[in-house]
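Here the structure is laid out as structure tokens; the discussion comes afterwards.
The values are calculated or read from the model by the stated rules, or taken from the named source; none is laboratory data. No experiment lies behind these values; they were computed from the predicted model shown. Here the Cβ is made from the backbone with ideal geometry for all residues, glycine too, and neighbour counts use every protein chain on show.
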Amino acid sequence: MKNIHTLVTSTGGIVAQGIIKSLKYHNLYKKKSDHLYKIIGTDITYESAGLYRVDRFSIIKKPSDPDYLKRMIDVCIENKVQILFIGSDIELQILSEYKDEIENKTGAKVISNQQGIVNMCRDKYLTNEFLSKNNLNGIPTCLPGDLESFLEQERYPLVVKPREGFGSKLFHVVNNRNELDFAISTIENAKWKPMIQKYLENDSKEYTTGITMDKDGKGIMSSITMRKVLKHGQTYKAFIDVFPKVTKVCNKIATFLKAFGPINIQSRIDNDDNQVKIIEINPRFSATCPMRTVAGINEPDIIVRNVLFNEKIKIDKYRHLVCMRYWNETYLDKKEMEIVKSKKSNIKKMESKIFDYF
């Protein structure tokens with residue numbers, strides 16, 4: 001039985017925790033497997049739930065700190081890391097930029113899309129421009145400077161949102177010019193850049209598609225779409241089924257990009273023409289990753305098998321499920337936690353307790 005040493009960053013976040021769940025799911029439930037995962041977690045604070053659900057952890061600097069990259073490399077070397085999973089958008093930017101350096105110095109494989117894809121997808125306006133220019137189901141969009149001509153073609157309600165940013169932060173649906181101007185100024189006052197889009201009505205027709213591309217960027221290893229219900233910008237309920245119309249469009253985009261590893265595409269059906277329209281592309285694992293794992297598509301494990309073991313993988317079948325999310329708690333003994341925090345070692349270990357009382 002081989003032990004695969006994996007590092008998951010930003011363990012306090014929902015994306016990283018989904019990766020951890022998927023790796024632990026493999027360890028617990030995968031039959032006839034020849035490998036298990038030893039999981040190392042990193043975060044900038046001890047108050048991160050994910051740190052206490054992995055085998056070992058290290059506290060690191062913020063990505064903006066000059067010593068961040070060096071510390072990440074040191075953690076990989078100290079723990080003999082073979083696979084580095086990136087658990088946040090902020091870290092994705094820097095770790096994809098220095099992917100070659102990290103791999104050369106540590107031997108770890110950094111699971112990240114190409115820097116050009118990461119940069120484009122970070123900017124929702126550039127992403128939509130790419131989609132529209134390549135006839136890949138973009139949404140009518142403009143910047144504030146082109147607003148007057150845009151308003152001659154589109155009707156209210158409209159969406160105003162930052163070109164950058166995550167989740168639903170500063171996302172506005174506006175119904176008139178006053179609301180539109182207020183939304184633009186709110187985003188600008190937050191030092192972000194606004195964009196204006198056609199509003200795609202019907203919340204019941206929003207989808208998230210998770211795709212894994214092989215290490216050559218040529219083949220789709222898995223693709224699974226779920227209809228989702230959002231709450232505070234995150235998937236609150238998910239319906240895992242077969243949605244061929246949506247999946248076909250998303251697969252075409254992933255193949256066109258020649259992406260590597262995980263890619264997540266958010267979409268809606270446009271009521272005006274009944275076509276799939278792309279809201280955003282995330283060149284990373286989705287927060288819905290563990291839902292796909294339980295359905296039979298363990299995206300982190302698929303990528304490891306392809307990258308480390310050179311397996312040729314193609315998974316088409318999965319379980320059709322309904323997933324309903326809820327809050328849960330994990331507990332630490334306060335005195336034990338203080339002892340762990342006081343230890344000088346860079347590599348620490350402490351397990352939290354989760355009660356099965358729901």
Given the residues 64, 22, 48, which is the only one that is surrounded by fewer than 16 Cβ atoms within 10 Å (Cβ to Cβ) and among the small types (Gly, Ala, Ser)? 64
Would you confirm, using the coordinates I've provided, whether residue 58 is in the same structural domain as residue 15 (by TED's automatic domain parsing), hydroxyl-bearing (Ser, Thr, Tyr) and either at pLDDT below 95 or part of a loop (DSSP other than H, G, I, E, B) (or both)? no
Can you confirm whether the range 203-218 contains a residue that is in contact with a Gly (Cβ under 8 Å, 6 or more places away or on another chain), part of a loop (DSSP other than H, G, I, E, B) and buried (at least 21 other Cβ atoms within 10 Å of the Cβ)? no
Any residue at all in the range 13-34 that's closer than 23 Å to residue 339 by Cα, aliphatic (A, V, I, L, M), assigned to a helix (DSSP H, G or I) and not assigned by TED's automatic domain parsing to the domain that holds residue 262? no
Requiring at least 3 residues that are without any contact (Cβ under 8 Å) to a residue 60 or more places away in the chain and within 26 Å of the chain's Cα centre (by Cα), the helices (runs of 4 or more DSSP H) wholly within the range 84-188 are 89-97, 99-106, 115-122, 124-133
Which of the residues belonging to the range 247-303 are among the acidic types (Asp, Glu) and touching a helix residue (DSSP H, G or I) at 6+ places or on another chain (Cβ under 8 Å)? 280, 299, 301
Name every residue in the range 69-105 that is closer than 19 Å to residue 215 by Cα and hydroxyl-bearing (Ser, Thr, Tyr), in order of residue number. 96, 98
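Per-residue answers, yes or no, for (1) of a type outside the set (Val, Ile, Thr); (2) farther than 23 Å from residue 8 by Cβ:
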site	(1), (2)
209	no, no
215	yes, no
225	no, yes
247	no, yes
261	yes, no
291	yes, no
For the range 189-201, what are the residues that are in a loop (DSSP other than H, G, I, E, B), over 14 Å from residue 280 (Cβ atoms) and out of contact with any Leu (no Cβ under 9 Å at 6 or more places or on another chain)? 191, 201
Just checking, does the range 297-315 include any residue being of a type outside the set (D, E, K, R) and surrounded by fewer than 15 Cβ atoms within 10 Å (Cβ to Cβ)? yes
